[in-house]
1. Where does the stretch 188-282 land on Rg(C-alpha)/(2.2 N^0.38 Å)?
2. Expressed as a fraction of 2.2 N^0.38 Å, the rule-of-thumb size for a compact globular protein of N residues, what is the C-alpha radius of gyration of the stretch 1-123?
3. Sticking with the crude label model, points 7 Å out along Cα→Cβ, report the distance from Lys83 to Ile203 in nm, one decimal please.
4. Once ligands and nucleic acids are excluded and a 1.4 Å probe is used, how much of Asp57 is accessible, expressed in Å² to the nearest 10?
5. Using 1/(1 + (r/R0)^6) with R0 = 25 angstrom and r between the beta carbons of Lys59 and Leu10, what's the FRET efficiency to the nearest 0.05?
6. Check the straight Cα-Cα distances from Lys262 and name the aspartates and glutamates below 12 Å, setting aside those fewer than 8 residues away within the same chain.
7. HN-Hα J couplings of the stretch 203-208 from phi, Karplus 6.51/-1.76/1.60, θ = phi - 60°, integer Hz, Gly and Pro as x?
8. Anything over 28 Å Cα to Cα? Flag those among Lys116/Lys266; Lys208/Lys256; Lys112/Lys244; Lys67/Lys208; Lys165/Lys266; Lys67/Lys200, in the order listed.
Amino acid sequence: MELWVIFIVLYGVFKGIREPIKKKILETNDLLSTLFAYTFLGFLMTVPFARGVFSIDAKTLLLIAVKSLVIFVAWIGAFVSVKKLSVSFYSVMDMSRVIFSTLLGVIFLHEKLTVKGIISLLLVVTGLYLVNRKKDSDSRDVDNRYVWIMLLACLLNGISGTMDKYLMTTGAVNSIQLQFWFMLMLSAMYYIYIRTRGEKPDIMGCAKNPYIYILSFLLVAGDRLLFVANSYEASQVTVMTLIKQSSAVVAILCGKFVYGEKIARKLLCAGIIIAGIVLAVM
């Protein structure tokens, strides 16, 4: 197994753990304050490793700013969704980003979609269809507005992932530089947005919540692995996005043990999708 594949699997594990933690934080903390504290703390964690961050050209900084703006909107949608949906349902639906990322990778990065890739994608779509057949009690109570918000977040995450691959293959930026500027710009965007609403971020309330520190660490560690994986020439957005969906199994199990959610059907749906992932990396 290639090293970049291992990095993406680890990214998936970290991401899966993050989803129930987000929901736990939002039980006591304001959504926008959480997003600001979460991203700014993540930025502070990147500072000790920052090297050569001021040597990036203006064009690359502009692209990072665009990526940050895309994620600014995506994460608001994702946090709103995870607050309103069950962790297990959210996690399986989050796999829909595979469809968007695959299409974006083929269209903009000219990646080839093989027969094996098409079969993998069909397995993902099948799993998503099955989880949306409302049989479980937590699925029947789903407000479709939050499903659409989540799908928009998945599309935007797919755009961000495509930009990551492009940025890391230009040679104009490395993983440390990209993470430093991305986290700084994203933190600034959340702070400015909160202030334009006539509010102040609840820094003290967030600082007292230990889950935010864990969430920020998992974000920084996972994104570093993701950016490094993107720097490998052999890595492809279409394949990496499939592998990332291993996060769903972790999140679904967390939903069961933390929130007591019914997960039998969701695990079956996730299993179908994971079969697609395994096929993609064989």
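The values are calculated or read from the model by the stated rules, or taken from the named source; none is laboratory data. What you see is a predicted model, and the numbers here were worked out from it, not measured in a lab. Every residue, glycine as well, gets a Cβ built from its backbone with ideal geometry; the counts of neighbours run over all protein chains shown. The area values use the complete protein model at the heavy-atom level, side chains included, leaving out ligands, DNA and RNA. Shrake-Rupley method; radii C 1.70, N 1.55, O 1.52, S 1.80 Å.
1. Expressed relative to 2.2 N^0.38 Å, the Cα Rg reads 1.47.
2. Ratio of Rg to 2.2 N^0.38 Å for the stretch 1-123: 1.27.
3. 2.2 nm
4. Asp57 exposes around 70 Å² with every protein chain in place.
5. On the way: r = 31 Å, r/R0 = 1.24.
For R0 = 25 Å, the calculated efficiency reads 0.20.
6. By straight Cα distance, Lys262 reaches Asp136, Asp138.
7. 3J(HN,Hα) across the stretch 203-208, in whole Hz: 4, 5, x, 5, 4, 7.
8. Cα-Cα > 28 Å for Lys67/Lys208; Lys165/Lys266; rest within.
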